[in-house]
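Single-structure report; data block below.
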Amino acid sequence: MVAGEFRKYSDDEIKHLQEVELMILKDVVKVLDKHDLKYYMYGGSLIGTIRHEGFIPWDDDIDIILFREDFDKSLDILKEELSDKYDLIQMNYIDDCFGSFAKISLKDTTFSRWYTDYVEYDLGINIDLFVLDNIPDSDFIGKLHHFAYVFFYQFVINSCIKMDMYTKFRTKMHHAAYHFLNIIPINKSFWKKVLTKVMTFFNNKKTNRVVDCFNLAGYMAYDRDDFEPALKAKFEDFEVRIPKNYDKLLTQIYGDYMEIPPVEKRYNAAPDVLDFGKY
């Protein structure tokens, strides 16, 4: 999501989209529960769970998050068990994908974003799976780690997509970076491995805190103990897992999350093209 984007849907369109995304969530949760892989509602979807017992009325995506061990296990399992209906979109599974988190994308639908014209894979209506990695208790080291993630993430993006920028000069600079970063053997696969090593650098150490490296708000560490034992909560017409100390986490991220924001401060994924296909 690009911060500040907002798409005004018709009532029927947002209802239809949320129903399809709820179907995706149920299919994913069924597989995760089957294999005892722990997930938690996250971000705006966690706010929706607590404040609305379902979707935020204008929200057009679903976010869940897993600890790294369960995240890595889940990707292979979801890819295998849901392949007839869904695509797994994540940088280690698709050559020109730059996402360090994952999307479970519904086949034969369209949910186009700013980057979809520059990649070869199709993006359908989807839900996001984010990942929690270990981070030291020191905020100084944590911020250095986040800087390293952001730094090498730019290498991954620039090696994966060759796109036109908003000026001719920036376009030429980006195209030059794209070609330079794909010189064999230093190509996109190399940069993805580097980024993964950065993200997981502290995972062999016992730490009290974890971090979502992709957090658009910047560096933000969470206490590991705030997640388990998870609670159950109502999301639309079924139960989902939420972090034990959801109030602490949401307050840390959003402040007064129970206050409904004014229209000018609302945002969503805002796809350029939305097609439900047969759904």
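The values are calculated or read from the model by the stated rules, or taken from the named source; none is laboratory data. As the structure is a computational prediction, the values presented were derived from the model and not from experiment. Neighbour counts are summed over all protein chains in view; Cβ atoms, including those assigned to glycine, are modelled from backbone coordinates with ideal geometry.
Things to note:
Per-residue answers, yes or no, for (1) modelled with pLDDT under 95; (2) farther than 18 Å from Asn215 by Cα:
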| site | (1), (2) |
| --- | --- |
| Asp95 | yes, yes |
| Gly99 | yes, no |
| Thr109 | no, yes |
| Ser112 | yes, yes |
| Phe130 | no, no |
| Tyr153 | yes, no |
| Tyr166 | yes, yes |
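- Index of the failed condition, Lys79 passing every other in (1) in a helix (DSSP H, G or I); (2) over 17 Å from the mean Cα position of the chain (by Cα); (3) surrounded by fewer than 18 Cβ atoms within 10 Å (Cβ to Cβ); (4) not hydrophobic (A, V, I, L, M, F, W, C): (2)
- Restricting attention to segment 100-123, the residues being among the small types (Gly, Ala, Ser) and either touching a residue at least 60 places away in the same chain (Cβ under 8 Å) or surrounded by fewer than 19 Cβ atoms within 10 Å (Cβ to Cβ) (or both) number 2.
- Ile161 without any contact (Cβ under 8 Å) to a residue 60 or more places away in the chain, among the β-branched types (Val, Ile, Thr) and either in contact with a His (Cβ under 8 Å, 6 or more places away or on another chain) or surrounded by 17 or more Cβ atoms within 10 Å (Cβ to Cβ) (or both): no
- Total residues in segment 241-279, condition of a type in the set (Val, Ile, Thr) and farther than 14 Å from Arg51 by Cα: 3
- Qualifying residue in segment 195-210 (condition: of a type outside the set (A, V, I, L, M), under 21 Å from Leu46 (Cβ atoms) and not in a helix (DSSP H, G or I)): yes
Residues checked against (1) closer than 18 Å to Arg113 by Cβ; (2) in a loop (DSSP other than H, G, I, E, B); (3) among the acidic types (Asp, Glu):
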residue	(1), (2), (3)
Phe6	yes, yes, no
Ile14	yes, no, no
Ile24	yes, no, no
Leu32	no, no, no
Lys38	no, yes, no
